[in-house]
Protein chains: 2
Amino acid sequence: MAKKFEQYCPVAHALELVGERWSLLIVRELLKGPKRYTDLADALPRIGTNVLAARLKELEACEVVVKRRLPPPTPAQVYELTPYGVALRPVVRELARWGLHSLPAPTEEDNLVPGWLPDAMETFFAPVAPDGSFEFRIGDELAALVDGEVVAGSVEDPDVLLEASPAAFYYLFVERRWDGVDVEGNRELLEQLLDAAAPVEDPLVV
Amino acid sequence: MAKKFEQYCPVAHALELVGERWSLLIVRELLKGPKRYTDLADALPRIGTNVLAARLKELEACEVVVKRRLPPPTPAQVYELTPYGVALRPVVRELARWGLHSLPAPTEEDNLVPGWLPDAMETFFAPVAPDGSFEFRIGDELAALVDGEVVAGSVEDPDVLLEASPAAFYYLFVERRWDGVDVEGNRELLEQLLDAAAPVEDPLVV
DNA sequence: CCGCATCCCCAAAGATACTG
DNA sequence: CAGTATCTTTGGGGATGCGG
């Protein structure tokens, strides 16, 4: 936590708090909700237990994370973001939007994390979604978006029903290629959603 | 550049490209414009020349930065962001907005970098500024904002003229305390600008 | 000078084993 | 389950060297 950069600059300061390796990935995990130590270790495959412990202590020290003990029914302790930690969501979101541009399409070997689809919808679509209801079925994941709100399960009679493999979904989203994509309902509304999220040219034209 | 995180995740991928120590600070520097090697080294006090060289190579490899040779008048080579590198601006901006909340007020010893004020206006005010013209005189820095555009020098007959020390400006901006702040002109417009940038409660209520 | 490459030293990361 | 302890290896920080 010592001043590594020796600059009076909010960016340098932020990076002193959450710029270490793994820190922002821990935050990304905890943005999905409180998690136990072992669950964090499982979600961050190669982290190494000592590093995880160290990072969590640092994040506690700068009040990004708090350790909390759950009430007796299941007396486990969980790590949880503070409000200041939750405020990192825009940072993580912009990193995701930027990173997606140079991320190759998912292959069969890429083991996508369960729950990635609602997470992705929250990150990419929810902030910019037009009114309307969308249901996405990607691989074995299912998620929906209703008037800008992500809902976990299915939705009745959605305006748009999209079905695709993860790879086809990637190409649709990143390159606007419709091969392998099944759309039922209001396709224009879907295009409107894609254009709003618009990672196809948007960030590169800043 | 090897896969350190072994996850198919845009955030992890982004951090593999620009998550190393110093990388985002180099980007922050280059967002102000192309810079020579030595100028970068000067702007990043404790970086160490080997690390700077290594980071620049990595950033070149992932097409965030390009090395360019200036034409004969001054035959120097400069480093410059690619469009993909410039697309990191939202990431740096959100980091700055987040970091500011736990950054203490500047003291006398904090040697602010020349040009910090237009930079700060670009980061915090320009994206959200209402129409109107503002001139800020903070310490020995001077910058203005006209209809959301930052202009380096002075502006004639601004709607708002603000004068303060760096510390007073900090307290005004972060905690909305007006001690030591001189305002001439449309104070309501200034409050509107501050509320739009609003780091006082905005990110903490996300 | 400017733009690095090399060398040395130490701090931190990775891997594994072990404990309350 | 939630870490600590230990060991090895990688990488950063700082100084110096060196060609253009």
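So, B:LEU88, is that one buried (at least 18 other Cβ atoms within 10 Å of the Cβ), over 16 Å from A:PRO10 (Cβ atoms), in contact (Cβ under 8 Å) with a residue 40 or more places away in the chain and within 14 Å of chain A (Cβ to nearest Cβ) or not?
For B:LEU88, the condition - buried (at least 18 other Cβ atoms within 10 Å of the Cβ), over 16 Å from A:PRO10 (Cβ atoms), in contact (Cβ under 8 Å) with a residue 40 or more places away in the chain and within 14 Å of chain A (Cβ to nearest Cβ) - is not met.
Can you tell me which residue is nearest to B:LEU17 (Cα to Cα) among those in the range B:77-95 that are out of contact with any Ser or Thr (no Cβ under 9 Å at 6 or more places or on another chain) and of a type in the set (A, V, I, L, M, F, W, C)?
B:LEU88
Given the criteria within 13 Å of chain B (Cβ to nearest Cβ), within 30 Å of A:ALA197 (Cβ to Cβ), part of a helix (DSSP H, G or I) and within 16 Å of DNA strand D (Cβ to nearest atom), does A:LEU95 qualify?
Criteria not met by A:LEU95.
Within the range B:91-125, count every residue that is surrounded by fewer than 17 Cβ atoms within 10 Å (Cβ to Cβ) and among the small types (Gly, Ala, Ser).
3
What is the residue count in the range A:4-18 for residues that are in a loop (DSSP other than H, G, I, E, B) and away from DNA strand D (no atom under 11 Å from the Cβ)?
Counting residues in the range A:4-18 that are in a loop (DSSP other than H, G, I, E, B) and away from DNA strand D (no atom under 11 Å from the Cβ) gives 3.
How many residues are closer than 12 Å to A:VAL18 by Cα, β-branched (Val, Ile, Thr) and within 8 Å of DNA strand D (Cβ to nearest atom) when one looks only at the range A:37-73?
Residues in the range A:37-73 being closer than 12 Å to A:VAL18 by Cα, β-branched (Val, Ile, Thr) and within 8 Å of DNA strand D (Cβ to nearest atom): 0 in total.
Taking the conditions exactly as written (in contact (Cβ under 8 Å) with a residue 40 or more places away in the chain and closer than 26 Å to B:TYR170 by Cα), does A:LEU17 satisfy them or not?
yes
Where in the range A:22-73 are there helices (runs of 4 or more DSSP H), lying fully within it, with 2 or more residues that are among the acidic types (Asp, Glu)?
So the answer is A:37-43, A:49-61.
If only one of A:LEU40, A:LEU15, A:LEU56, A:LEU30 is away from DNA strand C (no atom under 11 Å from the Cβ) and within 7 Å of another protein chain (Cβ to nearest Cβ), which one is it?
After applying the criteria, what remains is A:LEU15.
Only one residue in B:VAL65, B:VAL11 is without any contact (Cβ under 8 Å) to a residue 60 or more places away in the chain, touching a Phe, Trp or Tyr at 6+ places or on another chain (Cβ under 6 Å) and on the phi < 0 side of the Ramachandran plot. Which one?
Only one candidate passes the filter, namely B:VAL65.
Please find, among B:ALA53, B:ALA105, B:ALA43, the residue that is in contact with a Phe, Trp or Tyr (Cβ under 9 Å, 6 or more places away or on another chain) and touching a residue at least 40 places away in the same chain (Cβ under 8 Å).
Every option except B:ALA105 fails the conditions.
Taken together, the values in this text are just the output of simple stated rules run on the coordinates, not laboratory data. Everything quoted here is computed from the prediction, not taken from an experiment. Note that each Cβ is placed from the backbone with ideal geometry, even for glycine, and that neighbours are counted across all protein chains shown.
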